[in-house]
Amino acid sequence: MNKKYRKAIIAGNWKMNMLASQVKSFADALYNKVGDEKGCEALLCVPSPFIPALIAAHYRRLGIGAQDVSEYDSGAYTGEVSAQMLSDIGVRYCIVGHSERRQYHGETDSQVNRKVHQLLKEGISPIICVGESLEQRDKDLTMEYVGYQVKAALWGVTPEQLRRCVIAYEPIWAIGTGRTATAEQAQEVCGAIRERLRRQYGARFSRSVSILYGGSMSPKNASQLLAQPDVDGGLIGGASLDPESFARIIEFARLEG
Ligand code: 13P
């Protein structure tokens with residue numbers, strides 16, 4: 001397997017942070033720090049209210065993504081945002097199945113799968129989050145559980161559609177805890193995810209899927225994680241709220257990409 005077949009992606013997940021008044025200065029600061037070199041796609045997944053202004057600002061080297069999408073087309077679903085609405089304003093990436101949505105909003109694997117299909121229908125790349133709890137890891141259930149999540153999220157996804165998908169391995173025990181998976185642990189699971197994709201879709205398609213690691217990634221640990229053969233980038237929470245830290249992680253990814 002070779003990284004030349006796929007994109008390095010560093011995606012920030014702001015979660016429910018920031019205010020409109022802070023967004024422009026943050027993006028300007030980040031934009032000024034992000035170099036011109038190619039080799040990595042930099043992306044910020046921000047709360048919905050900030051998306052139009054950030055897209056309108058035309059940050060050339062900075063993609064803007066969403067954090068969630070409705071599983072439905074349109075209609076009486078108060079509070080929901082549809083994939084069509086996102087694509088209509090120029091969104092190209094959207095996180096789905098984040099563990100916080102699974103945990104706090106009871107999101108199921110079949111809902112994640114429906115969201116994936118909604119996004120693909122609109123030409124938006126889903127960033128599909130999977131990852132085990134500490135209890136599952138301790139019981140040696142990581143591979144089985146993550147494998148199941150991947151399979152369920154991609155149910156009915158064709159090989160051509162798979163090319164648009166991004167998988168983010170985010171062990172729940174590493175999210176927001178400061179406890180990062182070791183580079184070996186991240187590679188072991190990301191490699192197993194790619195192997196599962198290879199068995200289902202074949203080598204040509206599986207090698208083109210970007211697989212990200214997420215969970216307390218920071219400038220301190222990014223270069224080791226990103227050096228792993230099946231870790232193609234990162235999904236960054238806390239460190240994406242600081243332009244300096246986020247820009248440094250992007251630089252590491254460019255070196256590895
Ligand atoms: P942290 O980087 O804050 O651990 O969050 C990771 C995450 O959940 C990204 O989606």
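Key figures for this structure:
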| item | result |
| --- | --- |
| Close pairs from segment 35-64: first modelled with pLDDT under 80, partner in a helix (DSSP H, G or I) and exposed (fewer than 15 other Cβ atoms within 10 Å of the Cβ), Cβ under 6 Å, at least 6 apart | none |
| Subset of segment 75-107 [more than 16 Å from residue 172 (Cα to Cα) and polar (S, T, N, Q)] | 78, 82, 84, 87 |
| Test for residue 180: is it within 16 Å of the ligand (Cβ to nearest atom), free of Cβ contacts under 8 Å to residues at least 60 places away in the same chain and farther than 16 Å from residue 10 by Cα | yes |
| Residue tally, condition within 15 Å of the ligand (Cβ to nearest atom) and of a type in the set (S, T, N, Q), over segment 183-205 | 1 |
| Any hit, segment 84-91, residues being touching a Cys at 6+ places or on another chain (Cβ under 7 Å) and in contact (Cβ under 8 Å) with a residue 24 or more places away in the chain | yes |
| Evaluation of residue 173 against (1) away from the ligand (no atom under 15 Å from the Cβ); (2) more than 18 Å from residue 233 (Cα to Cα) (one fails), failing number | (1) |
| Residue 130 vs. criteria surrounded by 23 or more Cβ atoms within 10 Å (Cβ to Cβ), within 28 Å of residue 55 (Cα to Cα) and within 16 Å of the ligand (Cβ to nearest atom) | yes |
| Given (1) surrounded by fewer than 21 Cβ atoms within 10 Å (Cβ to Cβ); (2) more than 15 Å from the ligand (Cβ to nearest atom); (3) assigned to a helix (DSSP H, G or I), index of the condition residue 140 fails | (3) |
| Unmet requirement for residue 56, which otherwise passes all of (1) out of contact with any His (no Cβ under 8 Å at 6 or more places or on another chain); (2) within 18 Å of residue 122 (Cβ to Cβ) | (2) |
| Selection count, segment 87-124, where residues are more than 16 Å from the ligand (Cβ to nearest atom) and closer than 18 Å to residue 46 by Cβ | 8 |
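Yes/no matrix, rows are residues, columns are (1) over 23 Å from residue 193 (Cβ atoms); (2) modelled with pLDDT of 95 or more; (3) in contact with a strand residue (DSSP E or B) (Cβ under 8 Å, 6 or more places away or on another chain); (4) more than 11 Å from the ligand (Cβ to nearest atom):
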{"position": "211", "(1), (2), (3), (4)": "no, yes, yes, yes"}
{"position": "214", "(1), (2), (3), (4)": "no, yes, yes, no"}
{"position": "220", "(1), (2), (3), (4)": "yes, yes, no, yes"}
{"position": "230", "(1), (2), (3), (4)": "no, yes, yes, yes"}
{"position": "236", "(1), (2), (3), (4)": "no, yes, yes, no"}
{"position": "247", "(1), (2), (3), (4)": "yes, no, no, yes"}
{"position": "251", "(1), (2), (3), (4)": "yes, no, no, yes"}
{"position": "256", "(1), (2), (3), (4)": "no, no, no, yes"}
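For (1) aromatic (Phe, Trp, Tyr); (2) in contact with a helix residue (DSSP H, G or I) (Cβ under 7 Å, 6 or more places away or on another chain); (3) closer than 21 Å to residue 115 by Cβ, each residue gets a yes or a no:
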{"site": "150", "(1), (2), (3)": "no, yes, yes"}
{"site": "167", "(1), (2), (3)": "no, yes, yes"}
{"site": "176", "(1), (2), (3)": "no, yes, no"}
{"site": "181", "(1), (2), (3)": "no, yes, no"}
{"site": "187", "(1), (2), (3)": "no, no, no"}
{"site": "200", "(1), (2), (3)": "no, no, yes"}
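The values are calculated or read from the model by the stated rules, or taken from the named source; none is laboratory data. Keep in mind the model is a prediction, meaning the values are calculated, not measured. Heads up, the Cβs are rebuilt from the backbone with ideal geometry, glycines too, and the neighbour counts pull from every protein chain shown.
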